[in-house]
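A.B. asks: Okay, here's the structure, questions in a sec.
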Amino acid sequence: MATLNYPSRTAMVRNILREYRATDGLTGRDWYRDAYVTAAHFADDYGVTREQAIGVIAALSPQTQWWQNVMLAKQVLSAGAMVQGHTRDTMRKVNAILAGIPPLDVLGGQKVRSFYVNILDLGFSADVVTIDRHAWRTVCGANPLGKRNAVPDAGYPLARDAFIRAAAIIGDITPAQLQAVVWVPRAA
């Protein structure tokens, strides 16, 4: 097994700040609030709780672009169940959420659980940051994933801490908002 070499915490924070300064600092800041509004509309339209709608969105999020995520969630919520279109494990999680099991009792993985919390709290959490492959590339300043397409477990808390520190330096942004601001240009 190859040893993964991570940048120093200082370098991670510097990489985030560099990416942030390359943006207008505003685009993406309300991303989690907007995602919450989307989920709230789904909840109202399909007779589920907001937590269920957000849980379904989070469960469907890995390796999925946002527009695909929204489309899949809408299809699932309108049908009331998921019987095809994803992995067996994801379908099990989605159906459990729709059956009333609390999303955090079902969702796995730090990224998916953080994504759920960040949407639920509109991006205002002081210590929960969604570290996906884009955020990981930001903190590392390159493509550290190689052929893998997931953040290493040991890297997750380092990246989360770097976003928390960078947000404190900027001063008027939460760590989750900062993650969204630097993510939006990469996702386009």
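A.B. asks: Given the conditions (1) hydroxyl-bearing (Ser, Thr, Tyr); (2) more than 19 Å from the chain's Cα centre (by Cα); (3) not in a loop (DSSP other than H, G, I, E, B), which single one is not true for TYR6?
C.D. replies: All conditions are met except number (3).
A.B. asks: Residue check: is SER8 of a type outside the set (A, V, I, L, M) and surrounded by 21 or more Cβ atoms within 10 Å (Cβ to Cβ)?
C.D. replies: When the stated conditions are applied, SER8 does not pass them.
A.B. asks: Anything in region 116-140 that is in a loop (DSSP other than H, G, I, E, B), of a type in the set (Gly, Ala, Ser) and over 19 Å from ALA53 (Cβ atoms)? List them, or say none.
C.D. replies: Correct list: ALA126 only.
A.B. asks: Take region 9-42 and flag every residue that is assigned to a helix (DSSP H, G or I) and among the hydroxyl-bearing types (Ser, Thr, Tyr).
C.D. replies: Correct list: THR10, TYR20, TYR32, TYR36, THR38.
A.B. asks: Tell me yes or no: at least one residue of region 47-66 is aliphatic (A, V, I, L, M), in the same structural domain as GLN110 (by TED's automatic domain parsing) and free of Cβ contacts under 8 Å to residues at least 40 places away in the same chain.
C.D. replies: The answer is yes; a qualifying residue exists.
Residues are listed down the side, and each one gets a yes or a no for (1) more than 19 Å from PRO7 (Cα to Cα); (2) modelled with pLDDT of 95 or more; (3) charged (D, E, K, R):
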residue: PHE163; (1), (2), (3): no, yes, no
residue: ILE173; (1), (2), (3): yes, yes, no
residue: PRO185; (1), (2), (3): yes, no, no
residue: ALA188; (1), (2), (3): yes, no, no
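A.B. asks: Separate question: Go through region 35-62 and give me each residue that's among the aliphatic types (A, V, I, L, M) and closer than 13 Å to LEU107 by Cβ.
C.D. replies: Within region 35-62, ILE54, VAL56, ILE57, ALA58, ALA59, LEU60 qualify.
A.B. asks: Here is a follow-up. Go through GLY47, GLY55 for me and flag whichever is surrounded by 22 or more Cβ atoms within 10 Å (Cβ to Cβ) and not polar (S, T, N, Q).
C.D. replies: GLY55
A.B. asks: So, one more: Report yes if some residue within region 90-109 is modelled with pLDDT of 95 or more, under 14 Å from the mean Cα position of the chain (by Cα), outside the structural domain of PRO152 (by TED's automatic domain parsing) and closer than 20 Å to ALA180 by Cα; otherwise report no.
C.D. replies: Looking through region 90-109, none of the residues is modelled with pLDDT of 95 or more, under 14 Å from the mean Cα position of the chain (by Cα), outside the structural domain of PRO152 (by TED's automatic domain parsing) and closer than 20 Å to ALA180 by Cα.
A.B. asks: Being under 17 Å from PHE42 (Cα atoms) and buried (at least 21 other Cβ atoms within 10 Å of the Cβ) is the filter here, so list the residues in region 78-93 that pass it.
C.D. replies: Correct list: MET82 only.
A.B. asks: Hey, ARG33 hits all of (1) within 24 Å of PHE163 (Cβ to Cβ); (2) modelled with pLDDT under 95; (3) not hydroxyl-bearing (Ser, Thr, Tyr) but one; which does it fall short on?
C.D. replies: Unmet condition: (2).
A.B. asks: Can you tell which of ALA126, ALA135, ALA96 is among the aliphatic types (A, V, I, L, M), surrounded by 22 or more Cβ atoms within 10 Å (Cβ to Cβ) and either free of Cβ contacts under 8 Å to residues at least 60 places away in the same chain or more than 24 Å from ARG21 (Cα to Cα) (or both)?
C.D. replies: The conditions single out ALA135.
The values are calculated or read from the model by the stated rules, or taken from the named source; none is laboratory data. Bear in mind that the values here come from a model prediction, so they are computed numbers and not experimental data. Cβ: placed from backbone, ideal geometry, glycine included. Neighbour counts: every protein chain shown.
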